[in-house]
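Here is the structure we will look at.
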Amino acid sequence: MTTATTAPAAPASPASPASLDARAVSAWFGTHKVLERVTLNMPAGQVTALIGPSGCGKSTFLRILNRMHELIPAAQLAGEVLFEGEDIYAPGRRLTDARRHIGMVFQKPNPFPAMSIYDNVVAGLRLTGVRANRQTKDDLVQECLSRAGLWKEVRDRLRQPGGALSGGQQQRLCIARALAVRPRVLLMDEPCSALDPTSTRRVEETIQELASEVTVVIVTHNMQQAARVSQQCAFFLAEQGTPGGIVEHGPTTDIFGAPKDDRTADYVAGRF
Ligand code: ADP
Ligand code: MG
């Protein structure tokens, strides 16, 4: 725990949702171009679902939204990602700012398994250099576990290891951990694909409840899930030998009910 006086204090209440705007984002791994000029507005306080076949660049695009792809040595990028109108890639912008305000939840639940449930939730504070006293942390743990829909199940065993929870509980713990740093956007890469149907439903409820406080961008292969949780949907496709891009995006009701492109219609109907 950093106690440097310059460290920001943990804010007492959730932040407000922020908009993200990807403008002409292209990406390469070495010489392999995997995204071609992707432009997508993700409005504040909405859930945007990214759908499309495997390998079309959805995870890469999601990582680019909080500079997570910079961990991959060969990754290169062109274009802009505007967070509340400001490019997170502009010279002088700090990586920690992007990561702090734009949280990420992965496909496979990845709590620190030996660390207690309590410490898992507050772990992000230390990682982002935010200081908090014991009472603040206690309040934060209760609030974030509640927002993640897990509090009632774990309130009596906060000192047990995160690894002792079921898969669905672990994923909600990861959501609570992500929320503890007060992100204004939450990126979720297939957060339910390792979960059973009951846990999936719990995580979906959590996503729906979060949306007024955090902008959510979720990758999912589950069309019913995209239809249930999102207001906006973007269909990604990488046709034979070409980089991935967005074929069509718009209100979820239109993408599922009145798609404009035949490829979208085929995909949402499960025809490829
Ligand atoms: P999706 O999430 O839609 O399945 P990805 O973003 O994972 O797609 O992958 C898009 C393309 O980028 C694929 O061709 C994949 O092989 C390639 N790719 C993804 N991650 C890496 C990496 N770390 N190094 C090299 N190529 C990668
Ligand atoms: Mg993926």
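Once both labels are positioned 7 Å from their Cα atoms along Cα-to-Cβ, the gap between Asn222 and Glu209 label points is 1.7 nm. Compute the label zone of Arg155 within the stretch 183-216: residues whose backbone N is under 14 Å from the point 7 Å along Cα-to-Cβ. Answer for the stretch 183-216: none. Using the Cα centre of the stretch 1-133 as origin and beta-carbon charges of +1 (Lys, Arg) and -1 (Asp, Glu), tell me which of Ala22, Gly79, Ile51 is placed farthest towards the positive end of the dipole. Of the listed residues, the answer is Ile51. By the compact-protein rule of thumb, 2.2 N^0.38 Å, the alpha-carbon radius of gyration of the stretch 30-117 corresponds to a ratio of 1.21. With neighbours defined as other Cβ atoms within 10 Å of a residue's Cβ, the residues Tyr118, Tyr267 order from fewest to most as Tyr118, Tyr267. Remark: the chain carries a charge dipole of roughly 860 debye about the Cα centre, counting +1 on each Lys and Arg Cβ and -1 on each Asp and Glu Cβ.
Restricting the calculation to Cα atoms, the stretch 58-205 yields a radius of gyration followed by a Dmax of 15.9, 49 Å.
Ordered by the number of other Cβ atoms lying within 10 Å of each residue's own Cβ, fewest first, Phe29, Phe272, Phe256 fall into the sequence Phe272, Phe29, Phe256.
Remark on the chain: Rg and Dmax equal 18.6, 58 Å (Cα only).
Per residue, the convex hull spanned by the Cα atoms of the stretch 147-272 measures out at 130 cubic angstrom. Separation of the stretch 89-115 from the stretch 145-175 is 20 Å, based on Cα centroids.
Going by C-beta contacts inside 10 Å, put His32, His69 in order with the fewest on the left. Working shown, then result.
Details: His32 9, His69 18.
Least crowded to most crowded, the residues run His32, His69.
Look at the dipole of the chain built from charges on Cβ: of Val122, Pro109, Leu237, the Cα furthest out on the positive end belongs to Val122. A full extension of the chain between Arg271 and Gln142 corresponds to an added length of 42.0 nm, given 0.36 nm per residue minus the alpha carbon distance.
From the Cα trace of the stretch 204-266, what convex hull volume per residue do you get, rounded to a whole Å³? List each step's numbers first, then the result.
Values: hull volume 5.7 nm³, N = 63.
Residue-normalised Cα hull volume stands at 91 Å³.
I want to verify the translational diffusion coefficient of the stretch 93-178 in µm²/s; compute it with Stokes-Einstein, Rh as the Kirkwood radius over Cα pairs, at 37 °C and 0.692 mPa s. It diffuses with D of about 252 µm²/s by this estimate. Taking the centroid of alpha carbons for each part, the stretch 216-267 and the stretch 1-78 are 18 Å apart.
Any read-out appearing in this document is the output of simple, stated calculations on the displayed coordinates, not a laboratory observation. Keep in mind it's a predicted model, so treat the numbers as computed, not measured. We place every Cβ from the backbone using ideal geometry, glycine too, and count neighbours over all the protein chains shown.
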